[in-house]
1. Cα centroids of the range A:441-504 and the range A:394-435: how far apart, whole angstrom?
2. So what are the radius of gyration and Dmax for the Cα set of the protein assembly as shown, in Å?
3. Viscosity 1.306 mPa s, temperature 10 °C: Stokes-Einstein D of the range B:210-323 from its Kirkwood Cα radius, in µm² per second?
4. Grab every C-alpha pair in the range A:393-522, bin the distances at 10 angstrom width from 0 up to the longest one, and report whole percents.
5. Nothing charged except the Cβ atoms of Lys and Arg (+1) and of Asp and Glu (-1): what's the magnitude of the dipole of the protein assembly as shown about its Cα centre? Round to the nearest 20 debye.
6. Report the Cα-based extents of the range B:1-121 along its three principal axes, largest first, to the nearest Å.
7. For a Förster distance of 60 Å, can you work out the FRET efficiency between the beta-carbons of residue A:327 and residue A:137, rounded to the nearest 0.05?
8. Starting from the 7 Å offset along Cα-to-Cβ, what nm value, one decimal, do you get for the label separation of residue A:41 and residue B:300?
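Bear in mind that the values in this text are calculations on the coordinates, not laboratory data. What you see is a predicted model, and the numbers here were worked out from it, not measured in a lab. Here the Cβ is made from the backbone with ideal geometry for all residues, glycine too, and neighbour counts use every protein chain on show.
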Amino acid sequence: MPGLAPGDSAGGGPDSVNGTLVPYSSDSHVSAIYPLRHGLNPPISRVSVSWGRGNSLRVSVFRQPDSDPKSDGEVGGKVVEVTLGKSRDGEISDAQWRKIAYGSVSPFALLQSRKNSTASLSRMQLSPSPYHLEWWEYVMEYSKDIGSLLGDPKTALATLIEDPNEVFPKKVEEPSSLKAAWELMEMFYVDKLSQAWLPERLVDWLADYNSLISIDLPTVHSKLVEFQNQIVTLQVIEDDPRYWDLISSALAVGWLEIVTENGLVEAVAVLISKMPRMRPAIDAGKIGECFKAKPDFVKAWERWRAQITKLDSSAFWIQCDHRQTREGLKNMLQIMLGNVDVLCSSTCHWMELYISHFLYIRPFTAGLESMYSLAQKCFRLKHTSNPHKLMRLMIGILGENNEVVLAECSRGFGTWMVAHAIELLTAGSNEADILVHEEREDLGGISLEELHRLVYAQLLSSHLLTWQIAPIYLTSCMRQGMGLLEILLLKQPVQENQMLLKNLEICRLYELDGISSHLMEISGMYHWKHGRKGCAVFWLQQAHDEVRLSGIASQLFDSVGKSISGESFKQWEGLIELLGSEGQLAGGLDFLHKYRDFKKCLQHAESRKDADAARQAVESLMSLMRNASTPQRFWLPILYDAVKLLSWDEGPLINVGQTNLLLNKLQELSVARLRPDFVEAELPTQALNHVRYSLATNLGRAILGEL
Amino acid sequence: MEKSLATLDNGTTCSSWNYSGQRLATGSVDGTLSIFDSGDPASTSFKCTSKARVGESGVVKVVWIPPLFGDAVACIDGNGSLSLWEELAEDAQAVEWKHSKSFQSNSAKVLDVQFGVFRTILKMVVAYSDGQVKVYELSNPLELKNWQLQAEFQNLTDSVAKLAKASCFSASICWNPQRGDGQELSFVLGFNSDTPQLNSSKVWEFDLDHQRWVPVAELALPEDRKDQVFSVAWAPNIGRPYEVIAVATHKGIAIWHLGSNPDTDGRLSVERVALLSGYEAEVWQMEWDMSGMTLATTGTDGMVRLWQSNLNGIWHEQAAFEPTT
């Protein structure tokens, strides 16, 4: 599965674990070994693991127990936690990550809901209203929303300050490779409007992100930065061959502003600034003449090239006696004339050579196939053994290999990227759409799209501050999302009321009633065991946990039965209130009071052989048995208590009618006991027979007495 | 990359995290059970908040009881006896870890214990050194005191056969980490013993109609049936049409798929989809992550290894961690 190994994630950098999910490396897989520092003195006797939230793995390391008394106080073990699939290279801080994670929720959710409504429209075979946008336009909106979260890199070459000490402008914000990758995906798969001028978009893209790929290899950008550091020591800048070299390089990759604003001969500067560009518009501060239509552009391009050729062969060069200037300018003309050798020597990175081809040799390149073959050519000319992750992504895109694109998104930019960029990929290609939505047996019946969302949601679950947005992604997964959401919710601690309420709210939102009851039961039991009996009863009632509630009611019953002092009764009073609020569960307060009265009278009657008390007890008994609120499961214990009254020595206390009522109750009880949910009272096994016998005897006595 | 969560006392031998990863229970050679808490859910620093002496000999294993039954653990001590402890605050007194139940056994030692919940009933499976397996049921969900012995059997595919007393060194039990109430109650169990028939991992399912436990699958190829099993782990299933179970023997870690529809004999189809070898060490422990996609293992080489399947269903070692000073 993608993106689980540490560092194998957003900005994993060149040290990313190789081979995650890359289809072509499944056999030759060699896993990376990471050190896990625990700081214990050897010897280590055992290691154990446990998964925490989401992707966090907790490792306990135990030292061999020390019997040496001198080493008393030595630490016996350490527990450390590693969160897998998390960025390690620090390009994006944890806080920024969370900002991106939270920010992408609503664009994602909006797109999903649009997808659902579009799907239902097409199911109903309704054509979308003419005011509706095309699907790619929705994805474009999504892409722009997400892109804006990733930072704004448009500062890299925005302005050129006249101060000669600042050849290269200060960047307000470092561009991130995540943003760069997102823009690549957007321009190739979503932005249909810019398809016609894709080469020019790549020129802009490289200008924005050239600094990123200079991490491992020299680029025009890194040369500029290096030169800028030395510039203060130079007297006449034009004397330095490096200056001309750099200006040519900047020209080759299309950074025309840098070239024209650094004191060139007027004629050349004007030519450069009039360079025809096949694009609808150009940002303020940038130069070139824009053409939207190809015929206009072709005409302008030919005219422009003719002017360059003319200048190249003019007499000006004979008059120019500053050798470096002359050679530098001639070189620049060769660049503009599309001299491959000069372009090749003026550029460092294959991507720069590639861009220069678009600018000066093949401005009409269109279609991925020809772009790919051109990229291959440039790649051969400036081969690198360990290409940057952005370049690997680019090759995947140009090669139209959707599997590689997904794999590179995952391995180079992490689980967030792949989960969100799938929307871009599928907007641009039907094959990609089939690829990511196909249900795969090897993945337990889910699609790639679902897999990547699950993996991302699991990463979100790893952190206390992000787990709450995981449900958004999980509920967008048709097959296994709800399963994972249930597990996620069941792992949330419920001791804190605030947290419990939050979890219950999530359950309510997604109609997870079973999970909600389970959480309330856990909470109820936690409070019960911790002496907060009121809280416990409350949550158990909310959960409709009849088994535990009747267990509690039974404890109450015992306590009322055992002690008539009223002291312990008071202790339970709050509970009785609570239990009584729902009536049918425990019979209510009314019942318990009646039962207490009954027990009191019974005790009086028994201890003093007091007939009045006994008659009172009978009244209480009848009142209890007539009362609908007396729980059925208490009937037998009450009747069992009443055996003493039934066998009253001085004659029957309970008349025929009353006895019949009690017998009916007993009959009802016998039927109820057959039901599977019936809870037996804790009484001697013969209790029922005993009661039955006593009732029958009493009936006989009562009939005789009434004759 | 790694973050320190807790420091353990000298003599600590085992540890176990509760369901939410918010509490850690550890056992030590002197028979002490220690509980670690972080205080604040956002904090990742865990401190010992209570200690209880749970036995004369050292604690060798601590297992949390499902949270539906309170905060409680089962401890197995060096003599192989089993006791249950729970956190209670009675009658406005301070919270304390109290003894709730001990299970005495005449000669056999308890090797492993695991808990499963079926509807509202808590079930406990205990594997003994004489090869016996006992399943207990908690009578009253409000307290851990009263347990009923529901079944007693041996880990054999032929449930009628009986073997003479065996001598087992270790056992590994894992319940099916099911969520819904609809599923049958089941667990997998393997032994490391001198009695070949007992060893191989078998999946036991409770037959509600006949109220008995029946073996529904054996997770070993015919030639591997005698292999001693070091550890078993049943993966959470978030929606696959089959179950995934990992079984570790000296040949490596086998990943099994277990079908869900029984044949006419009531057996479930099984398929070994991978044997992760090249892993010389004896496996101590295996744990699946919450999605059941990644398996973490530890073993005698001291390494922590992570295993995953790629998109083509091929299992491989994804990463490894080497604990160092």
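1. So the two Cα centres are separated by 23 Å.
2. In Å, with Rg to one decimal and Dmax whole: 38.1, 149.
3. 106
4. With a bin width of 10 Å, the distribution comes to 12, 38, 27, 16, 6, 1.
5. Here the size comes out at about 920 debye.
6. Cα spread of the range B:1-121 along its principal axes, largest to smallest: 46, 36, 31 Å.
7. It comes out at approximately 0.75.
8. 2.7
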